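Notes follow once the structure below has been shown.
The values are calculated or read from the model by the stated rules, or taken from the named source; none is laboratory data. Keep in mind the model is a prediction, meaning the values are calculated, not measured. Neighbour counts are summed over all protein chains in view; Cβ atoms, including those assigned to glycine, are modelled from backbone coordinates with ideal geometry.
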Amino acid sequence: MLILVPTPIGNLDDITLRAIKTLQEVDVILAEDTRTTLKLLTHLKISKTLQSYHAFNEHKVLSSIIRQLKKDAKIALVTDAGTPAISDPGFLLVRECLKNDIKVECLPGPTAFVPALVNSGLPSDRFTFEGFLPHKKGRNTRLETLKGEERTMIFYESPHRLIKTLEQFKEFFGDERQASVSRELTKVFEETVRGTFSEIIANFADRTIKGEIVIVVAGKE
């Protein structure tokens, strides 16, 4: 059995009781970064076998994990933060498990885009999650496609690319669009900045930007 276990995106108190119980019971924990997961397990006073599973080795170790699961191993998959397979490794393993009639379960828990969306003040009844845009090839094509999107759009971005991305959004979507940028969600310095792209760019222009970024953009009216 494979169990996808969401982990806190910042505040360790956000882990659920069910997630803690699951991590205590499994035979092996697949971790995106074993060092990060070890810190969480130490905090929870849990000692388990950790196995590395990340974007750079998931194809290589996939068959080995399937073999373990076929021998009735109970394995948990975690990422550094949030829910596995949401802009993180997990999809390939889940698909392979289902092909092999291996039971898969996903626990509910932390995901960065949900609080960012709700806190943005933009419509949350209909939205599209775009995750990370392509860095180069296909980026402009994707943005051109999204120009006519009427639903609220959600993007992930890294701090060092934030200003460039906001400038591109202003170019493709127009500066009349409302947006919000959330960073350091659930942490001490959590912050959400709302307004037009020009207003948000001005807010961040002369600052050192830290933390993972969620950008929420209003759909086309």
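Numbers below:
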{"quantity": "Residue check for PHE169: in contact (Cβ under 8 Å) with a residue 12 or more places away in the chain and over 19 Å from PHE113 (Cα atoms)", "calculated": "no"}
{"quantity": "Residue under evaluation LEU185, criteria (1) modelled with pLDDT under 95; (2) in contact with a Pro (Cβ under 9 Å, 6 or more places away or on another chain), criterion not met", "calculated": "(1)"}
{"quantity": "Scan of region 173-201 for residues that are buried (at least 17 other Cβ atoms within 10 Å of the Cβ) and in contact with a Lys or Arg (Cβ under 6 Å, 6 or more places away or on another chain), ordered by number", "calculated": "SER180, PHE197"}
{"quantity": "Test set (1) acidic (Asp, Glu); (2) free of Cβ contacts under 8 Å to residues at least 12 places away in the same chain; (3) crowded, with 18+ Cβ neighbours inside 10 Å - ASP125 fails condition number", "calculated": "(3)"}
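Residues are listed down the side, and each one gets a yes or a no for (1) hydroxyl-bearing (Ser, Thr, Tyr); (2) touching a Gly at 6+ places or on another chain (Cβ under 9 Å); (3) assigned by TED's automatic domain parsing to the domain that holds THR7; (4) assigned to a helix (DSSP H, G or I):
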{"position": "LYS187", "(1), (2), (3), (4)": "no, yes, no, no"}
{"position": "VAL193", "(1), (2), (3), (4)": "no, no, no, no"}
{"position": "GLU199", "(1), (2), (3), (4)": "no, no, no, yes"}
{"position": "ASP206", "(1), (2), (3), (4)": "no, no, no, no"}
{"position": "ILE209", "(1), (2), (3), (4)": "no, no, no, no"}
